[in-house]
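Notes follow the structure.
Laboratory data are not the source of any read-out in this text; all were calculated from the coordinates shown. Worth saying up front: this structure is predicted, and the values here are computed from it rather than measured. Positions of Cβ are generated from backbone atoms using ideal geometry, with glycine treated the same way; all protein chains shown enter the neighbour counts.
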Amino acid sequence: MDIKKKIIISGQKVHDVGYRPYLLGIAESIGVEMFFVDNIFSDEKQVVYVLINSSRENVDSFIEIASSKFPEKSIVEKVEVEEYKGNVMKIESFYRYLTAMQLSKIANYGGKLLDKQDKMLDKQDFHIEVTRNGFNDLKDEMTEIKDEIKGTRDEIKGTRDEIKGTRDEIKYELQGMRSDMNAGFAGIKKEIHMQRDDFKEVFMKEVEGLHNEINEIRATLARIQHGQEA
């Protein structure tokens, strides 16, 4: 005699761990004829509920396995079994249903991936544009800095030329002052020579005059002496 049961599996992580294919595999392995499983939320908790219709032996075997073995990465907190009196679809129909649901999930996931890819491409384009604008701004700044450096270099060159011109002017002025000093020294030397020659001439005249006076005094003394002897 066939029996019907409803199995409620709840826990922190029972969705998106392959629970439905896992339970379908168990049901097929023990020969269950009528079967259905789906994911739901109950009081904001993840729940997997199972409907099964088969012989008592098959149902007991399924419950025993489902209560003790769980999919990898699942976190199961509780497995409850209740009586069920509704209809249960054939396991072949559920297989087609699950396949359709998985294909729909894959399509939905693929669409999300495409949307994410588009967003990533848009973000990449944005970053490329920002990078390009930043590069252009940096290029403009570098051009401005280059122009400033060129202007500073021109100013330095102009200052250097001014310094060179001032140095040349000072050099010419020093040369002129040296020439003037040489000319002045030559004039002073000439004047000294002239004054010395004049002084020598005057001195010689004075000496000659004194010499003449001495000679006259000597002659006078000689006459006086000669008159006394006579």
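Here the Gaussian network model covers the chain, with springs between Cα atoms less than 10 Å apart; of 38, 168, 137, 168 fluctuates the most. In the chain, helices alone account for a calculated mean residue ellipticity at 222 nm of -27000 deg cm²/dmol, with every DSSP H run of four or more residues adding -39,500 (n - 2.57). Straight-line cross-link reach from residue 157 at under 30 Å between alpha-carbon atoms covers these lysines, not counting any fewer than eight positions away in the same chain: 139, 146, 171. Counting Lys and Arg as +1 and Asp and Glu as -1 over every other residue whose Cβ lies under 15 Å from the Cβ of residue 3, the net charge comes to -2.
Shown here are the Rg and Dmax of the Cα trace of segment 71-230, at 63.1, 205 Å.
Go through 4/78; 13/90; 45/78 and tell me which ones have a Cα-Cα distance over 22 Å in this structure.
Details: 4/78 20 Å; 13/90 28 Å; 45/78 12 Å.
Going by Cα-Cα distance, 13/90 fall outside the 22 Å limit.
If R0 is taken as 35 Å, the Cβ-Cβ distance between residue 120 and residue 90 corresponds to a FRET efficiency of 0.20. Using the Cβ-Cβ distance between residue 129 and residue 149 with R0 set to 22 Å, the FRET efficiency works out to roughly 0.15. Kirkwood-type hydrodynamic radius, segment 2-89: 12.9 Å, calculated from all non-identical alpha-carbon pairs. May I ask for the angle, rounded to the nearest 10°, between helix 19-30 and the longest principal axis of the chain, with both axes built from Cα atoms and the value confined to 0 to 90°? Orientation of helix 19-30: about 30 degrees from the principal axis. Every pair of different Cα atoms in segment 5-155 enters the Kirkwood calculation, which places the hydrodynamic radius at 19.7 Å. Run down the aspartates and glutamates and flag those whose C-alpha is under 14 Å from the C-alpha of residue 123, throwing out any fewer than 8 positions away in its chain. Straight-distance partners of residue 123: 115.
Helix 56-68 axis versus longest C-alpha principal axis of the chain: approximately 20°, rounded to the nearest ten.
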